[in-house]
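Take a look at the following structure, please.
The values are calculated or read from the model by the stated rules, or taken from the named source; none is laboratory data. Note that the structure is predicted; figures quoted are calculated from it, not measured. A quick note on method: Cβ atoms are made from the backbone with ideal geometry, for glycine too, and the neighbour counts reach across all protein chains shown.
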Amino acid sequence: MSSLPILTLYTRAGCHLCEQAEAGLRALDYRYEPVDVDHDPALKARYGDDVPVLALAQADGQGRVLLKGVLSRGRLSALKLQLLRGAQANRD
């Protein structure tokens with residue numbers, strides 16, 4: 001089982017950067033839940049011009065933004081390494 005947290009990908013239909021981000025997340029075996037910002041006025045106001053946005057869920061229901069904009073495989077790989085190191089440090 002992966003030690004990576006489940007992330008939230010804020011996205012919208014027809015967004016080519018969002019599609020590229022999802023392809024990269026799948027290729028790197030991320031666990032994530034896509035959320036279309038256009039289905040929620042609050043999310044659209046918060047993230048509408050910034051999608052795709054990758055966030056880590058917080059207990060208060062607000063996501064801590066990890067990355068936004070062009071989510072290249074390089075950026076996603078670096079983030080994965082950072083998340084894995086953080087998970088390992090929390091276990092030690």
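Scanning the stretch 81-90 for residues that are more than 12 Å from PRO5 (Cα to Cα) and of a type in the set (A, V, I, L, M), which turns out surrounded by the fewest Cβ atoms within 10 Å (Cβ to Cβ)?
Restricting to residues being more than 12 Å from PRO5 (Cα to Cα) and of a type in the set (A, V, I, L, M), the top hit is ALA89.
Looking at this structure, is ALA78 more than 12 Å from the chain's Cα centre (by Cα), modelled with pLDDT of 95 or more and surrounded by fewer than 15 Cβ atoms within 10 Å (Cβ to Cβ)? Full working, then the answer.
Working: more than 12 Å from the chain's Cα centre (by Cα): yes; modelled with pLDDT of 95 or more: yes; surrounded by fewer than 15 Cβ atoms within 10 Å (Cβ to Cβ): yes.
Taking the combined requirement at face value, the residue satisfies it.
ASP29 passes all but one of (1) farther than 21 Å from LEU17 by Cα; (2) touching a helix residue (DSSP H, G or I) at 6+ places or on another chain (Cβ under 9 Å); which number fails?
(1)
Output the residue which, of all residues in the stretch 36-53 that are out of contact with any helix residue (DSSP H, G or I) (no Cβ under 7 Å at 6 or more places or on another chain) and of a type in the set (A, V, I, L, M, F, W, C), is surrounded by the most Cβ atoms within 10 Å (Cβ to Cβ). Even if it seems obvious, please write down each step before you answer.
Of the residues in the stretch 36-53, the ones out of contact with any helix residue (DSSP H, G or I) (no Cβ under 7 Å at 6 or more places or on another chain) are 36, 39-42, 45-46, 49-50.
This time we only want the ones that are of a type in the set (A, V, I, L, M, F, W, C), so: 42, 45.
Working: ALA42: 8, ALA45: 10.
Result: ALA45.
If you don't mind, another one. Output the residues belonging to the stretch 8-29 that are touching a Lys or Arg at 6+ places or on another chain (Cβ under 7 Å) and buried (at least 16 other Cβ atoms within 10 Å of the Cβ).
Result: CYS18, GLY24.
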